[in-house]
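Input: a single structure, listed below in structure tokens.
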Amino acid sequence: MPDADIILESSDSIHFRVHKSVLVTSSPVFRDMFSLPQPTCGEFPDGLHLVHLYENADVLNSLVSMLYPVTPDIPDSNDGILALLAATQKYDVVAVQSSIRAEVSRRKLLSPTGAEAFRVYAVACSKRLFPEMAAMACHTLGYPMTFESLGEALWSFEGWALRDLACFRLSCNIKLSSRINLFLDCCDEYSKYWLGCPRYACKSEKSRLPAWLEAHFTRTLEELRKSTHIIPMPHMFSTDYLMSLQAHINAKHCQFCARVHALGEPTFSIGIQE
């Protein structure tokens, strides 16, 4: 870096020549650090003060790239992204952290699947990255929380993180079960659109939901009673609903249910929101 006046050394001994003014302007942590009297002894490669940091070269390279008017180098791995966000949090580089999160969201970089979702949640918890903790907790909902599905990810958990995730999943389960029960009892804003299907088995009961819809959500409730089962996110919720609707229309040629669906009434909006 031309005219650099300080060197940052990574944990793996890679040097980054940077400008103190850039660090001070970007980070109150560095500003406070450099406001203190600097030691007269120590290492001074090429006459520049050397500052040892705990971050590795990949993280520092990404962090430095975010401080200068160059193309930002954001990691594409889950661990790399979390390490970079943790560094921005450590050095209180608020604007940079927001930019990273926006770019990660835009590029959908932090989207683990399977047991990896549990591990990334655990790592986010260990680094106290609260937005990522919340997002990853939601990611785990599509997978059963069992020893088999957690696998080696279990070793990444602190006790409180595992407890909080179990409580979050239980809360989502209770919330979704409650909303489905309201729907089945025709006590919510969505069920009223479905009353009166002429293909209902007992035509005298006009205040009942169509049989296929009632059966569909009854099955969903039964699955939710299995405490370790997946908790369907909106895309899963809507897919299952559409399959049941299509089967009903194909079997009964029901124009009533097809019309209600075509009107766009959000039946599956009762699902857990992302």
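Details
- Estimated dipole of the range 72-118 in Debye, rounded to 20 [Cβ of Lys and Arg +1, of Asp and Glu -1, Cα centre]: 180
- Carbon and sulfur %, accessible surface of the range 171-262 computed with the full protein complex present, 1.4 Å: 54
- Signed unit charges on C-beta, dipole axis of the chain, positive-most listed residue Pro112, His253, Tyr143: His253
- Mean projection of the Cα convex hull over all viewing directions, computed for the range 213-262: 3.7 nm².
- For the range 1-143, the Kirkwood radius over C-alpha pairs fed into Stokes-Einstein at 20 °C and 1.002 mPa s yields D = 132 µm² per second.
- As a length-normalised measure over Cα pairs under 8 Å and 6 or more apart, the relative contact order of the range 171-262 settles at 27 percent.
- Each residue of the chain gets 164 Å³ once the volume of the Cα convex hull is shared out per residue.
- Cβ-based net charge around Asp12, under 12 Å, with every Lys or Arg adding one and every Asp or Glu removing one: -3
- Cα gyration tensor shape of the range 95-221, rounded if a/c is under 1.5, else prolate or oblate by comparing a/b with b/c: prolate
- Mean accessible surface per residue for the range 171-262, computed with a 1.4 Å probe while every protein chain stays in place, in Å²: 56
- The charge dipole of the chain, taken about the Cα centre with unit charges on the Cβ atoms of Lys, Arg (+1) and Asp, Glu (-1), comes to about 1640 debye, rounded to the nearest 20.
- In percent, rounded to a whole number, the relative contact order of the chain is 13, using alpha-carbon pairs under 8 Å and six or more apart.
- Excluding the site residues themselves, the longest part of the chain lacking any trypsin sites (Lys or Arg not before Pro) in a DSSP loop with at most 12 other Cβ atoms within 10 Å is 1-107.
- Intensity falloff of the range 171-262 expressed as log10 I(q)/I(0), Debye formula with alpha-carbon point scatterers, at q = 0.19, 0.21 Å⁻¹: -0.92, -1.09
- Neighbours of Ala161 by Cβ distance under 14 Å: Lys/Arg scored +1, Asp/Glu scored -1, total +2.
- A Cβ-based charge dipole, computed about the Cα centre of the range 90-193 with Lys and Arg at +1 and Asp and Glu at -1, lands at about 280 debye.
- The C-alpha atoms of the chain define a longest principal axis, and helix 94-107 lies at about 50 degrees to it.
- Most positive-pole-ward Cα, Thr220, Tyr190, Leu8, against dipole of the chain from beta carbon charges: Tyr190
- Between the Cα long axis of helix 130-140 and the first principal axis of the chain there is an angle of about 40°, rounded to the nearest 10.
The values are calculated or read from the model by the stated rules, or taken from the named source; none is laboratory data. No experiment lies behind these values; they were computed from the predicted model shown. FYI the Cβ positions are ideal-geometry reconstructions off the backbone, even for glycines, and counts take in every protein chain you see. Areas reflect the complete protein model, heavy atoms only, side chains present, ligands, DNA and RNA absent. Shrake-Rupley method; radii C 1.70, N 1.55, O 1.52, S 1.80 Å.
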